[in-house]
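Just so you know, all these numbers are worked out from the coordinates, no wet-lab data involved. Since the model is a prediction, treat every value here as computed from it, not as a measurement. Note: ideal-geometry Cβ built from the backbone for every residue, glycine included; neighbour counts use all protein chains shown.
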Amino acid sequence: MIETKTYLYNTLSKRVEEFIPNEERKVAMYTCGPTVYHFAHIGNLRSYIMEDVLEKHLRFVGYDVKRVMNITDVGHLSSDGDTGEDKMLAGAKREHKSVMDIARFYTDAFMQDCEKLRIKRPDVVEPATNCIPEFIHMIEVLLEKGYAYVAGENVYFDTSKLENYYVLSAQKEDELKVGVREDVEEDTNKRNKTDFVLWFTKSKFDNQELKWDSPWGVGYPGWHIECSCISMKHLGEYMDIHCGGVDNIFPHHTNEIAQSEAYVGHKWCNYWFHVNHLNTKSGKMSKSKGEFLTVSLMEEKGYDPMVYRYFCLLSHYRKPLEFSWEALDNVVAAYEKLKKRVVNLSREGDIDEAAVALYEKQFAEAMGNDINTSSAITVLYDALKADISDASKRKIVARLDEVLSLGLKEALEQEAESAPAADDELTAYVERMIEERKAAKKEKNFARADEIRDELAAKGITLKDTREGTLWSIQ
Ligand code: AMP
Ligand code: ZN
């Protein structure tokens, strides 16, 4: 545990506040997961990277974090105003597959992208289609309490029943364009413009593939109810921190608060963490316009996904970030240089525990200052420049990389493989090479045998062939 405070910008209070969870040293954290109708673009992944460093920072300073994420595999329509087609169905049509096949394929693809970007898998990952009975139960309670109504065979949440529907988003009704899209007919079943669908039985399209029986007829859930139910299922009625991209503030998170608090009858979640968008020169990144920027595309172009993670960490999560290949190129050299410095750290010297603790604390303070990742990276550079032993630097790098996850811990191990330091490791390595050389000679592969001798010689190890076998020594 590191004695430090964490300050976060809270979208709910609209200011930076000290983060104090409900239970001491425990954090209940929820993240809106991907809609798995297509690959995630690197904009989506910016949000997940920044939420990942937030989670890892909380763990670093000693919190026991339980993080839950949903997978949206039903109910997310192409417009946030409950209009348009279910995105999953559009994906299935595009690829001539079933919705469940699409969901499975893109959930796996998302998890692989996360792995490549060293984004930790949340403790619980729950697809919406696993929780239909929970959604139905919550909707029943909302109806009983008078917060919901049935109209045109759909169930709607009545936003006029709340004292402050806009508690999160600070929008005024007359400023709102949601619920109505210029090009789409208004849903005349809604009593108020901001009301939203909890359960669809009759929608603007009738070819929905996934449907379930419910007290209101065969249908499917709305998108917002998923996150309220899935988070409560695993985290209970009180949540500490809820994350997502800024586009989720309205209407998604606003609606989550409305229905959750109507359901539990008290304040639900204390802190709201929102990551700003990754944009391209032409505006907000999207899956339908321009180049579809994915992790795979980056790899095809020869970029290590770690370079993208580094690119994201160099900017503050609350600022919009503009992506271009040139901007990424500028980061490649810096990342390679950093990695090289880490690989070149020797194991020499004693570990200065006081120095390790000092840099850990400075790092935690930078992160605790509203997740200031670029200052936190500066602390890492300061440690690398400091007048302390390489052994101490190695320990600091390994510790800070628990949060940054830039592959630096792995870089330290890489070095260990090519130049084993511990006596046992060295002996095992040389003996393995001697065996390989013996086998090469037996196969008359003298070129390989010489290569092994040279490789060892380059490390200062001399071989001497005797009648008793090959002996070795270090110069
Ligand atoms: P979706 O798969 O569309 O439900 O989005 C997954 C996550 O990515 C959500 O938290 C969104 O708020 C976030 N997101 C969407 N577009 C962007 C973007 N351009 N930059 C950063 N985050 C985004
Ligand atoms: Zn959500």
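Worth a mention:
- Rounded to the nearest 10 degrees, the inclination of helix 408-418 to the longest alpha-carbon principal axis of the chain is 30 degrees.
- With the convex hull drawn over the C-alpha atoms of segment 189-265, the volume per residue is 136 Å³.
- D (Stokes-Einstein, µm²/s), Kirkwood Cα radius, segment 331-475, 1.567 mPa s at 4 °C: 73
- Within straight-line cross-link reach of residue 393, lysines at Cα separation under 18 Å, skipping those fewer than 8 residues along the same chain: 337, 339, 340, 361, 385, 409
- Where both bridge residues fall in segment 235-331, DSSP classifies roughly 20% of the beta bridges as antiparallel.
- Over segment 76-134, the alpha carbon radius of gyration divided by the compact-protein estimate 2.2 N^0.38 Å works out to 1.31.
- Mean projected area in nm² (Cα convex hull; one quarter of hull surface) for segment 1-141: 10.7
- Compactness of segment 214-308 - radius of gyration and Dmax, Cα, Å: 18.1, 53
- Charge dipole (Cα centre; +1 on Lys/Arg Cβ, -1 on Asp/Glu Cβ; no other charges) of segment 1-98 amounts to roughly 200 debye.
- Cα-centred dipole magnitude for segment 184-337, charges only on beta-carbon of K, R (+1) and D, E (-1), debye, nearest 20: 320
- Average projected area [Cα convex hull, segment 298-350], square nanometres: 5.1
- Against the main long axis of the alpha-carbon atoms of the chain, helix 254-264 sits at an angle near 80°.
- Only helical runs count toward this figure. For the chain, summing -39,500 (n - 2.57) over DSSP H runs of n ≥ 4 and dividing by all residues gives -14000 deg cm²/dmol at 222 nm.
- Antiparallel %, DSSP beta bridges [both residues in the chain], to 5: 50
- Percent of alpha-carbon pairs separated by more than 14 Å within segment 223-272: 45
- Taking all pairs of distinct alpha-carbon atoms in segment 267-320, Kirkwood radius in angstrom: 13.4
- Length-normalised contact order for segment 190-232 - Cα pairs under 8 Å, 6+ apart - percent: 40
- Cα gyration tensor of the chain - equivalent ellipsoid semi-axes, whole Å, descending: 52, 26, 20
- Protection-proxy order for peptides 241-247, 385-391, each taking the mean of Cβ atoms within 10 Å per residue, highest first: 241-247, 385-391
- Here segment 26-88 carries DSSP beta bridges of which approximately 20% are antiparallel, counting only pairs with both residues inside.
- Nearest-ten-degree value, helix 423-442 long axis tilted from longest Cα axis of the chain: 70
- Simple Cβ-charge dipole of the chain, Lys/Arg +1 and Asp/Glu -1, about Cα centre, in debye nearest 20: 780
- Hydrodynamic radius by Kirkwood, which averages 1/r over all alpha carbon pairs of segment 24-89, in angstrom: 13.7
- Computed P(r) (all Cα pairs; segment 59-160; 10 Å bins; percent): 12, 30, 33, 19, 5, 0
- Whole-number percent relative contact order across segment 330-464, with pairs defined as alpha carbons under 8 Å at least 6 apart: 22
- FRET efficiency for the residue 207 to residue 5 pair, using the beta carbon distance and R₀ = 51 Å, is estimated at 0.45.
- Of 111, 221, 141, farthest towards positive along the dipole that unit charges on Lys, Arg, Asp, Glu beta carbons give the chain: 111
- Computed packing ranks the peptides 120-128, 334-342 as 120-128, 334-342, most packed first, by mean other Cβ atoms within 10 Å.
- Each Cα pair under 8 Å and six or more residues apart adds its separation to the average, and for the chain the resulting relative contact order is 17 percent.
- Order by protection proxy (mean Cβ within 10 Å, highest first), peptides 402-414, 221-233: 221-233, 402-414
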